[in-house]
Each structure stands twice: as C-alpha cells, then as structure tokens.
Amino acid sequence: MTTLLGAAFLVGFLGSLHCVGMCGGLVTTLAMSQKRTWWGGLISYQMGRILTYTFLGLLAGMMGMVITQVTWFADVQRGLTLFAGSLMILFGFTLAGWLPDPLVKMMSQLSRVVGLSKWIHAATNSRMPMSWFMVGLFNGLLPCGLVYAGLALSLTSGSIGLSAAMMLAFGLGTVPAMMFVPVVLKSASPKARGWVLKVAAILLILMGAFTMIRGSALMHSMHDMDNMQGMNHSGHHMPMNHNMHPTTHPMNMDGMDMQNMNMDGMKK
C-alpha cells in the first residue's frame, strides 16, 4: 500500500513540471489578476483539482473492484500496469519536448465545452475562493496523459479506498509546482527550465520502465516459481515429520515397559 501511494505521489510530482507549461498560463492569469499573490485563491484552486483527481480515483477503484470479480483479473492487472508504465514513458518524452503532446488540441476543445474560460473570467474579477475552487475543479477534468497514467496505476490496486488515496497522493504531488508556478516562470531562465524538465522526464521514463517490469509476465512467472518451490519444500518436510513420530512413541513405550518389568523383578 505504501509503495503504491509513494509511486502515485512521485508520478504527480515529477510530471507536475509539465503542468507548469500546460496549466502555468492559467494559474499565472489567476495570480496576476490580483495586485498581490492571493494564496487563499491559489489554495482553493489546488483543492478543486485534488478533489477532482480523488473523485476520478474513486471511480477507477469501483471499476477495479468489478474487474477483481473476474477469473482473469491477474492478466488485466498486469495489462493495466504495463499500460500505466507505457503512459509514463510516453509522457516523459513529451515532458522533455522529444515528442509532441497529442492531447493539446483535445484539451482546448474540452475546455470550451465545460466553459472553463467563463469560470476563469469570473475568478479573475472576484476574490471569492469558490470561483477559484471551481476553476480547479473543471481543470482537473481536462485530458492529460499524466492524469491517465495515474488513473491506470490506481486501477491496479483493486480497492476503492486505495485507488482514491492514490489519486489524492497524485494530486498532492502536483501541488508544489503548481502553487509556485508564477515564481518559477518569473525567476527561472528558459535554459534552466529546459534542463529541469529533461531531468524530470528521464526520471519519469525510468519510473515507467520499472512499472512495466513490475507488471510483466516475466515477473509473474518468477513469482509463481517461488510459490511452487515453497510448496515443494514444505511437502518434503511434512512426510519426514510424520515418519518420525510413529517410531519415537513406540520406542518410549517399550522402554517404559522394560523399566516396569525390572522393578517388578527386584521387588520379588
């Protein structure tokens, strides 16, 4: 459980640098709409995003519980783990700028459908935390490869509570970068941002590769071999114990009878 929560947090933390590029303009627009950085509004925005991610994790957990009822759940679980790892690797390449992000157009179209620009406009002209909260709530629904990787990873848990907790950890992992987006965009040079993004991309790619290895059939077959060896070892020990007990008890009884006979002879 701790391993899955830590993995979800790391996926959010490493990939959140991509959020600086994709959602950084949105957050900067909100932040710059006030004369001073309004931390209450930014926190409300983060809470909205995290709530959406947690709700999506809850839905993923429900789907995972249904999948656990089928006999081939182990195969589905391995497939989801491989899918999550491949998404992490693909997202790592887009994070580094080595591949274009295929979801950019879909994100802009969906933002128009959900009316995100309307909520952004309302938030920039208001100091009501609820307006900023609603922006974060809808922003969490926008298509994002990083979110999909986190959801695929949470599906492998097979538990509703753990899946929701994993997406909560994922959302918390994105908070540091998203909270300080205006500062990062102002202070860091383009060259420095590029290096940071590439380092984070390499780490995310390695993490995706490790996730795929964990879900591969090779790891599963090695686990089965260990179980078979454990059963064989336990099978060898059991007959030996059963054979020893019948021989020891009669010997002890015979010894006791001989002693009783000698004592009787001496008394006579």
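Quick rundown of the values:
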{"quantity": "Added length on full extension, which subtracts the Cα-Cα distance from 0.36 nm per residue, Ile43 to Phe73", "calculated": "6.9 nm"}
{"quantity": "Label zone at Ser216 (point 7 Å along Cα-to-Cβ), backbone N below 17 Å, the stretch 64-96", "calculated": "78-90"}
{"quantity": "Potential extension, Arg36-Met65 segment - 0.36 nm per residue separation minus Cα distance", "calculated": "5.8 nm"}
{"quantity": "Packing-based exposure ordering (other Cβ within 10 Å, fewest first) of Trp119, Trp132", "calculated": "Trp119, Trp132"}
{"quantity": "Spin-label model distance (nm) - Arg112 vs Val199, 7 Å beyond Cα toward Cβ", "calculated": "3.9 nm"}
{"quantity": "Spatial separation of Cα centroids for the stretch 152-182 and the stretch 55-125, in angstrom", "calculated": "12 Å"}
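Every number here is computed from the coordinates shown, using simple stated rules; none is lab data. Because the structure is a prediction, the values reported are computed rather than measured. Here the Cβ is made from the backbone with ideal geometry for all residues, glycine too, and neighbour counts use every protein chain on show.
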